[in-house]
Each structure stands twice: as C-alpha cells, then as structure tokens.
Amino acid sequence: MKRARSRSRPQPQPQPRLHNKSKKSTLSVLDYTGTRIRAWYRDIRKRCRPVTGLIEHSPCYKFGRARDGRYTVKGTKVASAYQIVAYCVFGRRALKKVATSKRRNDITISHLCGTRYCCNPQHIILETKALNDERTHCHFVLNSAFEAYGFNDYRGVRRILKYGGCPHHPRCANERPEEVY
Ligand SMILES: [Zn+2]
Ligand SMILES: [Zn+2]
C-alpha cells in the first residue's frame, strides 16, 4: 500500500544504486583473472595451518586470523580464501554457477568436513544449498561423537559412518573422491 505523501515536506531523494558485493549474483573472486587467483592460491597454501577436524588422516586448513578466513590484498578483502581454493579446484565455469543468493536449489561451496572456511581442497565440493544444509545435521552428530572421545580419537566418528549415520554422497567427514568431479 502506498503511503500518503506529505506536501509540506521535501521528499527524500532516491539513493543511487549501490553495486556492492552482496548485490552481485556471482562470487567476487570471479572479477579477477585466473593468473591472479592461482597466484593467491599458492600464497594461501603456504600460509594455511593444519588443524584437527572430522576427517581422519586429512586435517582441515585454516587460513589467516580473521574469523571468516578472508584473503586480503593491500588491506582489501578480495574473497574468502576457500573460494579461491574452490576456483582452483573446479575452475571458472563451475564457479560461475555458484549463486550468492542462497535459495534451496542454488549451487553453493560446501564443506565435507563441516569446518567453515576450511581451505583443504579435498574437503570442498559444489552442491545445492539444500544438501549443504542437510550436512549440518550430520556434522553436528559427528562432532558430538568426536567430542565424546576428546577430539583426538576417531572411534565415535568411525562408528557413526560405519552404521550409516550419513546418507550423503560424497559422505560427510570424508575426503572428496577424485572421480566425483
Ligand atoms: Zn576441512
Ligand atoms: Zn552426511
């Protein structure tokens, strides 16, 4: 419903449309050339530190000190580091399909390990937002089992996976099999 306009007061001027990152339909990392992105990837690989995660024999890679794992060039965030990793694993064409809006069937960068912003290339897949959301439940259950054993013993995690606790393909808490992509 339209509001009645006041004649006495000046109307606010319409703001110019902002082309900020959140309004874009593709990932900001795609604004850069492949050569630059691959150079950043090499830098990220050198600066990542391995941390224990849900995947046995395959640590998660944490990048930087910022909570969102941002990659900055001269103080400006160009992308999340894991998005740069995803570019180098899946290529530009595949990453163009990743939507910044997150509806159920939108393709998103998903983590098999459940570690947000993880930069291990074998922990990253592209799949629908709906599937990504389903994994949250698995990761919660697996994390509880991992915690019960003190985060250094995978018996609880192994047991859940062995008895079909995860219905997803590729399985949660597993490395991405090479043949999938
Ligand atoms: Zn990971
Ligand atoms: Zn699962």
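Please treat every number below as a calculation from the coordinates, not as lab data. Values in this document were obtained by computation on a predicted structure and should not be read as measured data. Here the Cβ is made from the backbone with ideal geometry for all residues, glycine too, and neighbour counts use every protein chain on show.
Between the beta carbons of residue 128 and residue 155, assuming R0 = 35 Å, the FRET efficiency works out to 0.65 to the nearest 0.05. Exposure proxy shown here: for 135, 38, 103, the number of other Cβ atoms within 10 Å sets the order, fewest to most, as 103, 38, 135. Cβ crowding within 10 Å ranks 102, 62 as 102, 62, fewest other Cβ atoms first. Here residue 104 and residue 46 are evaluated by their C-beta separation; at R0 = 30 Å the FRET efficiency comes out at 0.20.
Cross-link check: pairs 24/46; 77/102; 24/77; 97/129; 74/97; 24/102 evaluated at a Cα-Cα cut-off of 23 Å; pairs beyond the cut-off: 24/46; 74/97. For 67, 176, the sequence from fewest to most other C-beta atoms within 10 Å is 67, 176.
Expressed as a fraction of 2.2 N^0.38 Å, the value expected for a compact globular protein of N residues, the C-alpha radius of gyration of the chain is 1.28. Show that you can apply the helix-only estimate: for the chain, add -39,500 (n - 2.57) for every DSSP H stretch of four or more residues, divide by all residues, and state [θ] at 222 nm to the nearest 500. Helix contribution divided over all residues of the chain: -10500 deg cm²/dmol. With the biggest extent put first, the Cα atoms of the stretch 55-155 measure 40, 34, 20 Å across the principal axes.
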